[in-house]
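Novice: I have a structure here, written as structure tokens, and I will follow up with some questions on it.
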Amino acid sequence: MHEMSITQSVVEICRENAAGRRVLAVTMEIGELSGVVPEAVEFCFAACAAGTVLEGARLDIVRIPGIGQCLDCGMEFPRGSLFDPCPGCAGYRISQLSGEELRVLDLEVEDLPPRTDTA
């Protein structure tokens, strides 16, 4: 299951960007055509976050639909697969507009305590 290694990478990216602060929530975008199963990432998240500043953090996943645009007729349409032809002209010259995303969109961390030194 490659989702485990993807989730480990997400946790590492978030840990580095949290700069030692506890992470409260992570928001990810996962495209429907990315080849990544959101439910598997959710399942792996708690295990990968255990013992890190992400332990106990909430994982929110935004699912991005697959949208393509035909380069022959210009039609924009939803795609369930990267191999589907254009429903307008049956052409295969298609530009992928969305659906392949896989990224950390937002990271919510605890506020740092106020500094007490005056130097």
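The values are calculated or read from the model by the stated rules, or taken from the named source; none is laboratory data. In this text, all values refer to a predicted model and were calculated from it rather than measured experimentally. No Cβ is skipped: glycine too gets one built from the backbone with ideal geometry, and neighbour counts run over all protein chains shown.
Novice: Considering the stretch 43-52 alone, what residues qualify as being at positive phi and surrounded by 14 or more Cβ atoms within 10 Å (Cβ to Cβ)?
Specialist: Selection gives nothing.
Novice: A further question on this structure: Return the residue satisfying two criteria in turn: it lies in the stretch 29-42 and is in contact (Cβ under 8 Å) with a residue 24 or more places away in the chain and assigned to a helix (DSSP H, G or I), and of such residues it is surrounded by the most Cβ atoms within 10 Å (Cβ to Cβ).
Specialist: That would be Val41.
Novice: Further, regarding this structure: What's the number of the only condition in (1) in a loop (DSSP other than H, G, I, E, B); (2) modelled with pLDDT of 95 or more that Phe45 fails to meet?
Specialist: (1)
Novice: In addition: Which residues, taken from the stretch 20-76, are among the aliphatic types (A, V, I, L, M), in contact with a strand residue (DSSP E or B) (Cβ under 8 Å, 6 or more places away or on another chain) and closer than 19 Å to Gly99 by Cβ?
Specialist: Within the stretch 20-76, Met28, Ile30, Leu33, Val36, Val41, Ile61, Val62, Ile64, Ile67, Leu71, Met75 meet the criteria.
Novice: May I pose another question? Looking only at residues in the stretch 79-99 that are surrounded by 13 or more Cβ atoms within 10 Å (Cβ to Cβ) and in a strand (DSSP E or B), which one is farthest from the chain's Cα centre (by Cα)?
Specialist: Only one residue fits best here, namely Ile94.
Novice: Checking Ile61 against (1) touching a Pro at 6+ places or on another chain (Cβ under 7 Å); (2) loosely packed, with under 14 Cβ neighbours inside 10 Å; (3) under 21 Å from Ile13 (Cα atoms): exactly one of these is not met. Which one?
Specialist: Here Ile61 clears every test but (2).
Novice: Follow-up question, since we're still on this one. Leu82 - would you say it is closer than 30 Å to Gln8 by Cα and modelled with pLDDT of 95 or more?
Specialist: For Leu82, the condition - closer than 30 Å to Gln8 by Cα and modelled with pLDDT of 95 or more - is not met.
Novice: Here is a further query. Which members of the stretch 19-36 meet the condition of being among the aliphatic types (A, V, I, L, M) and modelled with pLDDT of 95 or more?
Specialist: Val23, Leu24, Ala25, Val26, Met28, Ile30, Leu33, Val36
Novice: Which condition number in (1) touching a residue at least 12 places away in the same chain (Cβ under 8 Å); (2) on the phi > 0 side of the Ramachandran plot is the one that Ala90 fails?
Specialist: Tallying (1) touching a residue at least 12 places away in the same chain (Cβ under 8 Å); (2) on the phi > 0 side of the Ramachandran plot, Ala90 fails exactly one: (1).
Novice: Can I ask one more? Being touching a helix residue (DSSP H, G or I) at 6+ places or on another chain (Cβ under 8 Å) and exposed (fewer than 14 other Cβ atoms within 10 Å of the Cβ) narrows it down to one residue among Glu76, Glu55, Glu12; which is it?
Specialist: Glu55
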